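Shown next, in structure tokens, is the structure this report addresses.
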Amino acid sequence: MPQGKLIVITGPSGVGKGTIVRSLLQNHPQLSLSISATTRNPRPGEADGQDYYFISKEEFLEAISNSGFLEWAEYAGNYYGTPRTKIEELLDAGKWVLLEIELVGARAIAEIFPDALRIFILPPSLEELEARIRKRGKDSESAINQRLIRAKTEIAAKDEFDICIVNQDLATTIEEVEKAIFDI
Ligand code: 5GP
């Protein structure tokens, strides 16, 4: 049994998960982030091995068949997966590991690690979410539409999570996430 702790952060695209996770990592060096693999193309400014491992669909499918992922999901036309070995090493070493993943992956993790803390981040409204995705300016119109459709499904599942936090104000949201993780 792993001695570490898994913390899953889920919520629709554009809700601010990335910013929240970056702040957590900066302020709490005891936390580690699992870097996912994806078949999506890098956005401007994203680096391989830092934001994601950007791999081809063939490599992704091969990793699936070699049980290389703890969980994986298709999202808006691309594949995303959590590399298994690194997580297992971190948990065995007693580390606290953050996973920033979508709903299907969060459900899979709940099956494998029932003790994982699962946090769902909500937007103040769907209108606000759309405005945030558009403001980010990094996705095509069709990618934005796919993300908004998926957002509705994800939000409908929010009650499956241990804690739901509305990201109205970033600083307050981060405090609430910290409280949930560290029980402070
Ligand atoms: P994006 O393309 O915006 O970086 O990510 C799209 C969605 O995929 C986000 O909800 C993100 O949290 C999720 N995601 C990123 N990595 C993984 C992963 O390894 N597994 C799963 N299931 N979802 C992921």
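The values are calculated or read from the model by the stated rules, or taken from the named source; none is laboratory data. Since the model is a prediction, treat every value here as computed from it, not as a measurement. Heads up, the Cβs are rebuilt from the backbone with ideal geometry, glycines too, and the neighbour counts pull from every protein chain shown. We work out accessible area using only protein heavy atoms, side chains counted, and drop any ligands, DNA or RNA first. Shrake-Rupley method; radii C 1.70, N 1.55, O 1.52, S 1.80 Å.
Miscellaneous remarks
- Just so you know, in the stretch 50-95 the residues that are assigned to a loop (DSSP other than H, G, I, E, B) and among the charged types (D, E, K, R) include one that is nearest to residue 181 (Cα to Cα), and it is 95.
- Selection within the stretch 16-38 - open to solvent by 30 Å² or more (accessible area, probe 1.4 Å), within 13 Å of the ligand (Cβ to nearest atom) and in a loop (DSSP other than H, G, I, E, B): 35
- Selection count, the stretch 78-94, where residues are surrounded by fewer than 18 Cβ atoms within 10 Å (Cβ to Cβ) and either of a type in the set (Val, Ile, Thr) or touching a Lys or Arg at 6+ places or on another chain (Cβ under 8 Å) (or both): 2
- Filtered residue count, the stretch 107-166, keeping only those that are more than 16 Å from the chain's Cα centre (by Cα), modelled with pLDDT of 95 or more and hydroxyl-bearing (Ser, Thr, Tyr): 1
- Scanning the stretch 121-136 for residues that are away from the ligand (no atom under 13 Å from the Cβ) and open to solvent by 60 Å² or more (accessible area, probe 1.4 Å) yields 126, 127, 128, 130, 134, 135.
- On the stretch given as the stretch 96-120, residues that are open to solvent by less than 60 Å² (accessible area, probe 1.4 Å) and in a strand (DSSP E or B) total 7.
- Residue within the stretch 167-183 that is within 30 Å of residue 68 (Cβ to Cβ) and aromatic (Phe, Trp, Tyr) present: no
- Residues that are hydroxyl-bearing (Ser, Thr, Tyr) and surrounded by fewer than 16 Cβ atoms within 10 Å (Cβ to Cβ), drawn from the stretch 39-74: 56, 65, 67
- Number of the exception - residue 183 against (1) within 14 Å of the ligand (Cβ to nearest atom); (2) at pLDDT below 95: (1)
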